[in-house]
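These notes are about the structure you will find just below.
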Ligand SMILES: [Zn+2]
């Protein structure tokens, strides 16, 4: 099989193994993710010198080069529930195609090549991002092994890691299996999850930074249910008014930050009154909502949180309501290696290809490796219909174009 045929075969094979109409389901430390890892490890054994599996079930296949230093190509292999087939999988398959090409042409590259399949990137299974990559670098907070429970099974992460055949005790001790000190670069090819490349008809995006975030997934505002006709405005304790003011204020703040040239997104993705108690003839005494704030700057995240908290205090006083934001989860923003951005940009131009240089709005495993100190880069592949849905679509032609750039850079420029 040539590379295009083999890529199609792998995408289709994994789709059929994890098909869940509509789309695919590869749950973190569940059937879909486990079967994907198992199949790809079997494939990788055909072209690599070794395949190592760490205590959290991430794999690293190694193809030896002239140097012990390793360029790792990798991404995650879990998916959303009824998600798309390309999110995550594309990055690992590109790594497999790379070492297949080296193996079949008997090429020894300057650096060794690693292909990494990462566990648990999507935060829909356990309410936490980058589980696998944090385990891989020994930075996983052990308290979370018992406190995080999977959304479908209600069983702990500790349980699921062991159930899948790995060693949650070693994970809790922060034990690392991979040879991290020899990781020269971490490169993550990934479908673009926004519309920019598709609109500009460009196959490749070179990512400069990855946004970090802070989130309150279970925030509530409590007021009082009061008669809509009989309660004058001064006596109201209206939760809908309170949270609406907050949404409005935060949107004005967001626009203002953008005008100042700062990177930011603010989203209130859920906003609902209590189905049991709400009524058209009552002002609402309870609103549940969530907040998701993202930026590529730590300072902007910090100042936005400060602004949010001060706004809430004022709204509480004005509306006689009480907010409780609940548990906060967050992730660090990350800057991609400037050197790698430049090398990939120059090489693309040298083969008469125009890449798009852009930040990543969504979070990715690369941010964990970058913040761990390994120079990292993401390559976005053009993709249609967004991501996290069954309609997500990446054409094989665009995949192969990005592969050609990756292959060219590794053989000729690194
Ligand atoms: Zn992804």
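The values are calculated or read from the model by the stated rules, or taken from the named source; none is laboratory data. Computed from a predicted model, the values in this text were never measured in an experiment. Positions of Cβ are backbone-derived with ideal geometry, glycine not excepted, and every protein chain shown enters the neighbour counts.
Per-residue answers, yes or no, for (1) away from the ligand (no atom under 16 Å from the Cβ); (2) out of contact with any helix residue (DSSP H, G or I) (no Cβ under 7 Å at 6 or more places or on another chain):
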{"position": "303", "(1), (2)": "yes, yes"}
{"position": "316", "(1), (2)": "yes, yes"}
{"position": "325", "(1), (2)": "yes, yes"}
{"position": "352", "(1), (2)": "yes, yes"}
{"position": "360", "(1), (2)": "no, yes"}
{"position": "365", "(1), (2)": "no, no"}
{"position": "368", "(1), (2)": "no, no"}
{"position": "371", "(1), (2)": "yes, yes"}
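Looking at this structure, is residue 135 crowded, with 16+ Cβ neighbours inside 10 Å, in the same structural domain as residue 359 (by TED's automatic domain parsing) and within 16 Å of the ligand (Cβ to nearest atom)?
No.
How many residues are buried (at least 24 other Cβ atoms within 10 Å of the Cβ) and away from the ligand (no atom under 14 Å from the Cβ) if we restrict to the stretch 82-95?
Counting residues in the stretch 82-95 that are buried (at least 24 other Cβ atoms within 10 Å of the Cβ) and away from the ligand (no atom under 14 Å from the Cβ) gives 1.
Hey, any hits in the stretch 29-43 for a residue that's over 22 Å from the mean Cα position of the chain (by Cα), touching a residue at least 60 places away in the same chain (Cβ under 8 Å) and part of a loop (DSSP other than H, G, I, E, B)?
Checked the stretch 29-43: no residue is over 22 Å from the mean Cα position of the chain (by Cα), touching a residue at least 60 places away in the same chain (Cβ under 8 Å) and part of a loop (DSSP other than H, G, I, E, B).
Within the stretch 46-81, can you find the residues that are assigned to a loop (DSSP other than H, G, I, E, B) and within 16 Å of the ligand (Cβ to nearest atom)?
Scanning the stretch 46-81 gives 58, 77, 78, 79, 80, 81.
I'd like the full set of residues that are more than 16 Å from the ligand (Cβ to nearest atom) and part of a loop (DSSP other than H, G, I, E, B), limited to the stretch 105-122.
Passing the criteria: 105, 106, 107, 108, 109, 110.
Please determine whether any residue of the stretch 115-128 is buried (at least 22 other Cβ atoms within 10 Å of the Cβ), in contact with a helix residue (DSSP H, G or I) (Cβ under 6 Å, 6 or more places away or on another chain) and at positive phi.
yes
Is the stretch 341-357 home to any residue that is within 18 Å of residue 123 (Cβ to Cβ), surrounded by fewer than 14 Cβ atoms within 10 Å (Cβ to Cβ) and over 19 Å from the mean Cα position of the chain (by Cα)?
The answer is no, given that none of the residues of the stretch 341-357 is within 18 Å of residue 123 (Cβ to Cβ), surrounded by fewer than 14 Cβ atoms within 10 Å (Cβ to Cβ) and over 19 Å from the mean Cα position of the chain (by Cα).
All but one of (1) closer than 24 Å to residue 360 by Cα; (2) surrounded by fewer than 16 Cβ atoms within 10 Å (Cβ to Cβ) hold for residue 322; state the number of the condition that does not hold.
The one condition residue 322 does not meet is (1).
Looking at the stretch 152-164, which of its residues are surrounded by 14 or more Cβ atoms within 10 Å (Cβ to Cβ) and within 10 Å of residue 125 (Cβ to Cβ)?
Result: 153, 157, 160.
What's the total number of residues in the stretch 373-385 that are within 12 Å of the ligand (Cβ to nearest atom) and under 20 Å from residue 25 (Cα atoms)?
1
Can you spot a residue in the stretch 139-149 that is surrounded by 20 or more Cβ atoms within 10 Å (Cβ to Cβ), modelled with pLDDT of 95 or more and within 16 Å of the ligand (Cβ to nearest atom)?
Within the stretch 139-149 (the criterion being surrounded by 20 or more Cβ atoms within 10 Å (Cβ to Cβ), modelled with pLDDT of 95 or more and within 16 Å of the ligand (Cβ to nearest atom)), the answer is no, since none of the residues qualifies.
Is one or more of the residues making up the stretch 283-302 in a helix (DSSP H, G or I) and surrounded by 14 or more Cβ atoms within 10 Å (Cβ to Cβ)?
The answer is yes, given that some residue of the stretch 283-302 is in a helix (DSSP H, G or I) and surrounded by 14 or more Cβ atoms within 10 Å (Cβ to Cβ).
Consider the stretch 129-153. How many of its residues are in contact with a helix residue (DSSP H, G or I) (Cβ under 9 Å, 6 or more places away or on another chain), over 18 Å from residue 331 (Cα atoms) and in a loop (DSSP other than H, G, I, E, B)?
Number satisfying all stated conditions: 2.
Among the residues of the stretch 237-246, is there at least one that is buried (at least 17 other Cβ atoms within 10 Å of the Cβ) and closer than 30 Å to residue 376 by Cβ?
Checked against the condition, which is being buried (at least 17 other Cβ atoms within 10 Å of the Cβ) and closer than 30 Å to residue 376 by Cβ, the stretch 237-246 yields no hits at all.
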